[in-house]
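The values are calculated or read from the model by the stated rules, or taken from the named source; none is laboratory data. Keep in mind it's a predicted model, so treat the numbers as computed, not measured. Here the Cβ is made from the backbone with ideal geometry for all residues, glycine too, and neighbour counts use every protein chain on show. Keep in mind that these areas ignore ligands, DNA and RNA; they rest on the heavy atoms of the full protein, side chains included. Shrake-Rupley method; radii C 1.70, N 1.55, O 1.52, S 1.80 Å.
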Amino acid sequence: MTQRLQFSISSLILVALLACTQTGSLVKTAPVWLERDPILPGYFIAIGMQSGGENPGEMAAQHARETLSKQLQPEILTWMEANVVNQGGSMNEDQSFRLKQMLPSVLDELMMATLIEDEYEKDGKYWVLLKLQQELARKLVSDKLARENSLQP
């Protein structure tokens, strides 16, 4: 009985060691989101990739944030315009101009609220799946607009 237990433990340790790469991390198969765009209900998502360089994980996340920011620009501007119209009943040219000026800072604030959902590395390339909760994004946009005095009619 003791020999079987020792053999089982030894076998388990050997399997675990064989599953490790040279760097000591477990071998991970490529995630499905590299082949197909994932669907995460209630979230905006983006994928970033970095090949080599210093801190490739953070650079991949930054690329994903840039992609997400570009994708969200039209939608966030629409949210902002709808918020101003809902508050004041209409929107004038000055308010529209001010919203367009605010858009980059709003997007920066949203990108700070992103989370890394998953990561994958292979052959010196690093991928990151980034997510942003849609409800949180709407709240951040609404809060930012509420603090902006220049949008009041």
Breaking point among (1) without any contact (Cβ under 8 Å) to a residue 60 or more places away in the chain; (2) surrounded by fewer than 19 Cβ atoms within 10 Å (Cβ to Cβ), for Val106
(2)
Only one of (1) at pLDDT 80 or above; (2) in a helix (DSSP H, G or I) is not met by Ser10, so which one is it?
(1)
Scanning region 38-57 residue by residue, the ones that are over 13 Å from Trp127 (Cβ atoms) and either without any contact (Cβ under 8 Å) to a residue 40 or more places away in the chain or in contact with a Pro (Cβ under 6 Å, 6 or more places away or on another chain) (or both) total 5
Got a sec? Which of Leu99, Leu77, Leu40, Leu110 is under 19 Å from the mean Cα position of the chain (by Cα) and part of a helix (DSSP H, G or I)?
Leu110
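Is one or more of the residues making up region 125-136 assigned to a helix (DSSP H, G or I), open to solvent by less than 30 Å² (accessible area, probe 1.4 Å) and farther than 21 Å from Glu35 by Cα?
There is no residue in region 125-136 that is assigned to a helix (DSSP H, G or I), open to solvent by less than 30 Å² (accessible area, probe 1.4 Å) and farther than 21 Å from Glu35 by Cα.
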Residue by residue through region 76-100, note down the ones that are loosely packed, with under 13 Cβ neighbours inside 10 Å, without any contact (Cβ under 8 Å) to a residue 60 or more places away in the chain and not small (Gly, Ala, Ser).
Thr78, Val85, Asn86, Glu93, Asp94, Phe97, Lys100
Residue check, Val141 modelled with pLDDT under 95, under 16 Å from Tyr43 (Cβ atoms) and not acidic (Asp, Glu)
yes
May I ask you to list the residues in region 113-124 that are open to solvent by less than 60 Å² (accessible area, probe 1.4 Å) and not in a loop (DSSP other than H, G, I, E, B)?
Asp118, Tyr120
Within region 43-59, track down each residue that is in a helix (DSSP H, G or I) and open to solvent by less than 40 Å² (accessible area, probe 1.4 Å).
Pro56, Gly57
